[in-house]
Amino acid sequence: MADTVLWDYWRSSASYRLRIALNLAGISYESRSVDLVAGDHRTADHLARNPQGLVPVLDIDGQRFTQSLACLTYLDATRGLGLRPQDPVARAHVEALAQSIAVDLHPVCNLSVARFGVSQSGGALDMAGWMHHFIGPGLQAFAALLERWEDAPFCTGASPGLADICLMPQLYNARRWEVDLAPFPRLLRIEQSCAAHPAFDAAHPDRHRPG
């Protein structure tokens, strides 16, 4: 049994981020599925792991961590992944770029939030309409923030960083909900670079789909 355990769900954006980072760090881990559709996240066992009832949960180095950004910070600090610049100014801008997705866009596209919003819309919205309302403008804002950096294979340079780890799961969601990505040519080029990287490829949801 691996010393590192990742409690995740194959389609979870936050779990996808952690799989990418663990792969970048070369950490072998045991994946244990928490089926969000079946409601496994609401069981007593999972709530004991994470009182928020969310995934991922990461057991590593004798510690248990929740919240994907906190887990990424820990892996970056302990494994020297170089996900953030050392310069405080550049670091703040990189974190703002990543958080524009992980903190602002992703939560409103969480299925539990989206389903509640649609249910309260009185029939004015369906799930696709909800997702389109948020994902397109969210990616537009990300692309505008990205203009601070020169065009490169990855978001902020020649190697993958925190922003790429947050962007790729959101692009997966955009494609799932058939959001038009044609207005974002730079993001599509970055997507190609990430897709060709073994750490990203091995983390893709299709490789973790049950059955």
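Show me the helices of the chain, taken as full DSSP H stretches, that run 20 Å or more along their long axis by Cα and average 0.0 or above in Kyte-Doolittle hydropathy.
Taking the DSSP H segments of the chain (at least 20 Å long, mean hydropathy at least 0.0), we get 127-146, 162-176.
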Run the simple label-point estimate for GLN192 and SER159 please: 7 Å along Cα→C-beta, distance reported in nm. 2.4
Per residue, how much accessible area does the chain show when a 1.4 Å probe rolls over the protein heavy atoms, in square angstrom? 49
If you take the square roots of the eigenvalues of the alpha-carbon gyration tensor of the stretch 60-158 and sort them as a ≥ b ≥ c, do you get rounded (a/c under 1.5), prolate (a/b over b/c) or oblate? oblate
Per 0.36 nm of contour for each residue apart, how much would the distance between ASP104 and THR78 grow if the chain were fully extended, relative to their Cα-Cα spacing? 6.7 nm
A 1.4 Å probe over the protein heavy atoms gives the stretch 1-81 a carbon and sulfur accessible-area percentage of 48
Can you classify the stretch 158-211 as rounded, prolate or oblate using the Cα gyration tensor, where a ≥ b ≥ c are the square roots of its eigenvalues, rounded means a/c under 1.5, and otherwise it's prolate if a/b beats b/c and oblate if not? oblate
Rounded to the nearest 10 Å², the accessible area of HIS133 using a 1.4 Å probe with every protein chain kept is 120
Gyration tensor verdict on the stretch 1-144 (Cα atoms; rounded if a/c is under 1.5, prolate if a/b is larger than b/c, oblate otherwise): oblate
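The values are calculated or read from the model by the stated rules, or taken from the named source; none is laboratory data. None of the values given here were measured: they were computed from a predicted structure. Note: ideal-geometry Cβ built from the backbone for every residue, glycine included; neighbour counts use all protein chains shown. All accessible areas refer to the heavy atoms of the entire protein, side chains included, with ligands and DNA or RNA removed. Shrake-Rupley method; radii C 1.70, N 1.55, O 1.52, S 1.80 Å.
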